[in-house]
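The values are calculated or read from the model by the stated rules, or taken from the named source; none is laboratory data. These numbers were taken from a predicted model, which means no experiment stands behind them. Note that we place each Cβ from the backbone using ideal geometry, even for glycine, and neighbour counts take in every protein chain shown. For the accessible areas, the whole protein counts, side chains as well, though only heavy atoms, and no ligand, DNA or RNA atoms are used. Shrake-Rupley method; radii C 1.70, N 1.55, O 1.52, S 1.80 Å.
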Amino acid sequence: MKIERPKGTRDFTPAEMAERNYVEKVIESVFERANYSQIKTPTFEHVELFEEKSGEDIKAHLYTFEDKKKRVLCLRPEATAPVCRMYAETLRNMPMPVKAYYFDPMFRYEEPQKGRYREFWQLGLELIGAKGALADAEVIYLAYSCLKKLGLRFRLELSHLGVMRGLLSSLKLSESDQRKVIACVDKKDFVEVKKIVGDETFFKLVSLRGGKKELEEARKLLHGYGKASEALNELAEITEILDLLGVEYVVDFGVARGLEYYTGMVFEVRVDCLGAQNQIAGGGRYDDLIELFAGVSVPAVGFAFGFDRVVEAMKEQKISFPKKEVDVVVAPTSSDVRGEAMKIAADLRSSFIVDVDLMERRLGRILEYASVINAKYVVIVGRKDLGRGEVTVRNMLSGEQRNIPLSKIKEEISKDFD
Ligand code: AMP
């Protein structure tokens, strides 16, 4: 019987998991040090959760199914809506702001390609209850710090949807036309945008990209457009904090984000090395989403790393991952000492990473195995040595072997671990 894994899913080897675990730890430690705590939401939710505000793109790619009671459920395609639902259901009495992060698989029925999967992981955070430039800047800063800590080269592109929306409102576009325009700008489909927006100011705005100079140009361009220029002031305030924190960014008024719930600052992180799927993180402010579930308005901001892409970008950029290390292999030389060998391994495991022969191999083969897995020491357990209360410790790097009393094995091995 040949059964293959479903399209768009992956198996991860031990070596790949070691890399992924390292990246996860680095990012989570940055989050934890800023006092964010991990949460979990269910893998499937009621489909309505994503129908209202997640946007056409996500809706078109849902994994939907009916359960035995004919409820329509779907595998979660993203985590922000579930976190908002969870906030409304269970987190409302927590002290504000709620600072939560998650690391979970997401599911989207998309056409798989490099960097795009049907099951993929997002590691992201949400900051609930805080509004204003400082909260926005903190979230951007955390995304930036994680990627710097991992050693990646990347571009952080920053905008504010209030600028685009403010201008579109002043141009008297209906809410549904505004949504369409923002979705098209996100896909860089300007032919479609031209069918809805005639005004040149809009096209000048979305092509503005740079730093302080472009912010100033936008200010001139939007002079007299009340809401848009208010949003612009907020964006400028965020950039001032980012400057203080040493965060490098590009202001890009063409950044729109595909998800419909964003209301304010938005940002995306891109790398050059991943081809078409080069966006490794995305996020922004969504001040109206929680009200949908909680009935009261609660401001919020967050972002998610496309975790798989972060790992892939690191590989493309030849960033090295720490190697998995095995300190010791315990090698019984005959079957009558296997139990003792296992006991020695169990003791050593309080201080080291210890493998023990489970294949009943001869010593020569165990030494070969130890060398293949890059073990630093082999502890050879023989009947005669044991009779004298000793074992033989072999340093795999130098090839040197020494007889060591049982009580001194840890000491002998620790020499190299200072
Ligand atoms: P989104 O929820 O669409 O804003 O996506 C956030 C991040 O998740 C993106 O920046 C991507 O890095 C990643 N991402 C989105 N869709 C996929 C996918 N199908 N496969 C892998 N990563 C994805």
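For the range 111-143, a residue qualifies if it is open to solvent by 20 Å² or more (accessible area, probe 1.4 Å) and in a helix (DSSP H, G or I), and the qualifying residues are L134, E138, Y141.
For the range 145-163, how many residues are within 15 Å of A313 (Cβ to Cβ) and assigned to a helix (DSSP H, G or I)? Summing the residues that are within 15 Å of A313 (Cβ to Cβ) and assigned to a helix (DSSP H, G or I) in the range 145-163 gives 5.
Among the residues making up the range 255-284, those that are touching a helix residue (DSSP H, G or I) at 6+ places or on another chain (Cβ under 6 Å), part of a strand (DSSP E or B) and within 9 Å of the ligand (Cβ to nearest atom) are I280, A281.
For the range 53-94, what are the residues that are away from the ligand (no atom under 16 Å from the Cβ), on the phi < 0 side of the Ramachandran plot and not in a helix (DSSP H, G or I)? Once the filter is applied, which keeps residues that are away from the ligand (no atom under 16 Å from the Cβ), on the phi < 0 side of the Ramachandran plot and not in a helix (DSSP H, G or I), the range 53-94 yields T64, F65, E66, D67, K68, K69, R71, V72, L73, R92, N93, M94.
Of note, Y141 does not satisfy the criterion of being closer than 30 Å to E240 by Cα, within 16 Å of the ligand (Cβ to nearest atom) and under 17 Å from the mean Cα position of the chain (by Cα).
Only residues that are under 19 Å from R257 (Cβ atoms) and of a type outside the set (F, W, Y) were counted in the range 50-86, giving 21. Against the conditions (1) buried (at least 21 other Cβ atoms within 10 Å of the Cβ); (2) within 16 Å of the ligand (Cβ to nearest atom); (3) not hydroxyl-bearing (S, T, Y), where does R155 fall short? Just the number, please. R155 satisfies all of (1) buried (at least 21 other Cβ atoms within 10 Å of the Cβ); (2) within 16 Å of the ligand (Cβ to nearest atom); (3) not hydroxyl-bearing (S, T, Y) except (1). For the range 237-248, does any single residue satisfy the condition of being in contact with an Asp or Glu (Cβ under 6 Å, 6 or more places away or on another chain), at pLDDT 95 or above, closer than 30 Å to R85 by Cβ and not in a helix (DSSP H, G or I)? Scanning the range 237-248 turns up no residue that is in contact with an Asp or Glu (Cβ under 6 Å, 6 or more places away or on another chain), at pLDDT 95 or above, closer than 30 Å to R85 by Cβ and not in a helix (DSSP H, G or I).
Could we say that I366 is farther than 21 Å from C84 by Cα, more than 16 Å from the ligand (Cβ to nearest atom), of a type in the set (A, V, I, L, M) and open to solvent by less than 10 Å² (accessible area, probe 1.4 Å) here? Answer is yes for this residue. Considering the range 72-104, the residues that are touching a residue at least 60 places away in the same chain (Cβ under 8 Å) and farther than 21 Å from E48 by Cβ include one that is surrounded by the fewest Cβ atoms within 10 Å (Cβ to Cβ), namely F103.
Could you list, in sequence order, the residues of the range 87-113 that are of a type in the set (A, V, I, L, M) and under 20 Å from the mean Cα position of the chain (by Cα)?
Selection gives V98, A100, M106.
Of all the numbered requirements in (1) open to solvent by less than 50 Å² (accessible area, probe 1.4 Å); (2) at pLDDT 95 or above; (3) part of a helix (DSSP H, G or I), I404 misses one, and that requirement is (3). With E66, E56 as the choices, which residue is out of contact with any Leu (no Cβ under 7 Å at 6 or more places or on another chain) and over 30 Å from L235 (Cα atoms)? Answer to the check: E66. Of all residues in the range 288-344, those being away from the ligand (no atom under 16 Å from the Cβ) and either in a helix (DSSP H, G or I) or more than 30 Å from T13 (Cα to Cα) (or both) number 23. Within the range 176-211, the residues that satisfy the criterion of being under 32 Å from the mean Cα position of the chain (by Cα) and either open to solvent by 70 Å² or more (accessible area, probe 1.4 Å) or farther than 22 Å from L158 by Cα (or both) are S176, R179, K180, K187, K188, S207, R209. If you go through the range 252-303 one residue at a time, how many are within 15 Å of G115 (Cα to Cα) and either in contact with a Ser or Thr (Cβ under 9 Å, 6 or more places away or on another chain) or of a type in the set (V, I, T) (or both)? Residues flagged as within 15 Å of G115 (Cα to Cα) and either in contact with a Ser or Thr (Cβ under 9 Å, 6 or more places away or on another chain) or of a type in the set (V, I, T) (or both) within the range 252-303 amount to 3.
Would you confirm, using the coordinates I've provided, whether G387 is within 18 Å of K415 (Cβ to Cβ), over 35 Å from the mean Cα position of the chain (by Cα), among the small types (G, A, S) and open to solvent by 20 Å² or more (accessible area, probe 1.4 Å)?
So G387 fails the test.
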